[in-house]
Amino acid sequence: MKATLAVLFTILISAVPIFATETSPSPAVTSAMPPIIPVRDFFKNPVSRGYELSPDGKMLAFLQPWESRMNIFVRPVEGGEAKRVTSEKDRDIRDFGWKGNNVLLYPQDQKGDENFHLFRIDLKSGQIKDLTPFAKVRAGVLDDLEDISETDVLITLNKRNPELFDAYRLNVNSGEMKMVAENPGKVSGWVSDHKGRILAATESDGVNSTLLTRPNETAPFKKVLSTNFRESVSPQFYTFDNKNLYVVSNIGRDKAAAVILDPATGKEIKMIYENPEVDVAGLAFSKKRKVVTFAEYETAKLERKFFDPQTESMYKALEAKLPGYEIDVVDHDKAEKKFIVAASNDRTPGTRNLYDAETKKLTQLAEVTPWLKENEMAAMKPIEYKSRDGLTIHGYLTLPVGREAKNLPVVVNPHGGPWARDSWGFDPEVQFLANRGYAVLQMNYRGSTGYGRMFWEASFKQWGKTMQDDITDGVH
């Protein structure tokens, strides 16, 4: 701890002014050093974000500032003027989704109370309606039932009991709803199959977790698998015949793997993918073609193990069109012919693009923060080192642009949690510090997630001890 405090004290007495203005003098400036960028430019709302395609692929919806708050806008895919369809002035709209081609749904709370209500926008009439107008009740969308119903969605509500979330089927046109799964007392998550039936759930007592399943909607839930706090089973989605479950599990292994589970017995049937270095984070699939497309995992950067040649081919084509950027397909139309593609890296939140899989045409929709120039941002370099007891620690080092990497002031920036991790990518806080001349050191100390059970368990009863040593050793 003393070494870390000494480093931080050195930072405080040697660093350049952190809130320097554009006219403030800066030491050791070279000709390649970028200008001092105003603080607000790193943290203000983007030009736009959250692009989503209507199911028929004809309309785009996205979030864009209006009256300093993020609101929903829509426009035709082929181009034309965007129309604002919400008028929130007090709080940003953070998320939304399509329900059919003429309805948008979005959650919103009041004054930060986190009791999110579900609102419907009728794009034909422009009418906005609160579909869950209950005081001190929080709503969430569980399943949009895109392939099941033109009007219904599955939602969760704690209307019956503030401590418990039940599942309801809601008609977004009429507002009528019906409970389809009552929380028996500890359910923290519901799982629906490809027919929209809630056939599985996970419950927790705060320490241990249990998987509950049922064969149909009228049968009671049965506990089929319990895990202690060291183990985890995370349901992903049902197999396409609705008989079994894809899950991410670390039962009997160090690194979490993607497997198929028998929901009737809780037994593992088949291994799908495991990585020898890190945990598998999750699985993706094609609704239209009913195939598992890839597994995601994170080493120094986000990576994918592809199972579907068509999806892999598309990602490779996008990487060729957008070299130097991390590619993420974030949305698509129901026919899976048009896709929204996010392209970003460690020096920019990048662009959002429309990709037509039939014509292979890629069209830029927006540059997220055009006022931040990519060539003026600093590279986030993956690093690794040995802690004093021999444990390998991974992390990132960001060095300021245009300065010699010698005797730099350093900000040591460990992530919170502590059971979380830092990831490679654009970080406005890190870039702000680098722009002021600081080097920024981030490390995934023992206990950070994603590196397996042994690495995580190495943090038990070590908060402020070997966890702190990992940070100090990284500074050295």
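The values are calculated or read from the model by the stated rules, or taken from the named source; none is laboratory data. Keep in mind that this is a model prediction, so the values were computed, not measured. Backbone-built Cβ (ideal geometry, glycine too); neighbour counts: all protein chains shown. Accessible surface is based on the protein model in full, side chains and every heavy atom, while ligands, DNA and RNA are left aside. Shrake-Rupley method; radii C 1.70, N 1.55, O 1.52, S 1.80 Å.
Worth a mention:
- Using the Cβ-Cβ distance between Asp95 and Glu67 with R0 set to 22 Å, the FRET efficiency works out to roughly 0.70.
- Antiparallel DSSP beta bridges within the chain, percent to nearest 5: 95 percent
- FRET E, pair Ser87, Lys124, Förster distance 25 Å, beta-carbon r, rounded to 0.05: 0.90
- Computed over protein heavy atoms with a 1.4 Å probe, the accessible surface of segment 333-476 works out to 43 Å² per residue.
- Separation in nanometres of the label points that stand 7 Å from Cα toward Cβ, at Glu319 and Asn228: 4.1 nm
- Kirkwood hydrodynamic radius over Cα pairs of segment 210-304, then Stokes diffusion coefficient at 20 °C and 1.002 mPa s, in µm²/s: 152 µm²/s
- Mean separation of Cα contacts under 8 Å, 6 or more apart, over the residue count of segment 85-200: relative contact order %: 15 percent
- Surface composition of segment 238-363: carbon and sulfur atoms hold 50% of the protein heavy-atom accessible area at a 1.4 Å probe.
- Here's the picture: a label point sits 7 Å out from the Cα of Lys58 along the beta-carbon direction, and within segment 78-122 the residues with their amide nitrogen under 19 Å of it are 78-85, 98-105, 121-122.
- Considering every alpha-carbon pair of segment 318-476, the percent of pairs per 5 Å bin, from zero through the bin containing the longest distance, is 2, 9, 15, 16, 14, 13, 12, 10, 6, 3, 1, 0.
- Of the options (1) 59; (2) 42; (3) 48, only one is percent of Cα pairs over 33 Å apart as computed from these coordinates, and that is (3).
- Dividing the mean sequence gap of close Cα pairs (under 8 Å, 6+ apart) by how many residues the chain holds gives a relative contact order of 12 percent.
- Taking segment 43-119 and dividing mean pair separation by its residue count, relative contact order in percent (alpha carbons under 8 Å, at least six apart): 21 percent
- Centroid-to-centroid separation of segment 133-203 and segment 208-280 [C-alpha atoms, Å]: 21 Å
- Remark: the Cα gyration tensor places segment 124-227 in the oblate category, a/c being 1.5 or greater and a/b not exceeding b/c.
- Part-to-part distance (alpha-carbon centres) for segment 58-117 and segment 349-391, which is given in Å: 25 Å
- Computed from Cα positions, the angle between helix 466-475 and the longest principal axis of the chain comes to roughly 50 degrees.
- For trypsin sites (Lys or Arg not before Pro), the sites in segment 126-171 that DSSP calls loop and that have at most 12 other Cβ atoms within 10 Å are Lys136.
- Nearest 10 degrees, 0 to 90: helix 309-321 Cα axis against the chain principal axis: 40 degrees
- A Förster radius of 51 Å combined with the Cβ-Cβ distance from Asp389 to Met271 puts the calculated FRET efficiency at roughly 0.95.
- Shape call, segment 291-412: gyration tensor on alpha carbons, a/c limit 1.5: oblate
- Using the 1.4 Å probe convention, the accessible area of segment 149-292 works out to 48 Å² per residue with neighbouring protein chains retained.
- The length gained by stretching the chain between Lys178 and Asp356 to full extension, at 0.36 nm per residue less their Cα-Cα distance, is 60.2 nm.
- Helix 2-14 and the long axis of the chain differ in direction by around 70°, with both axes built from C-alpha atoms.
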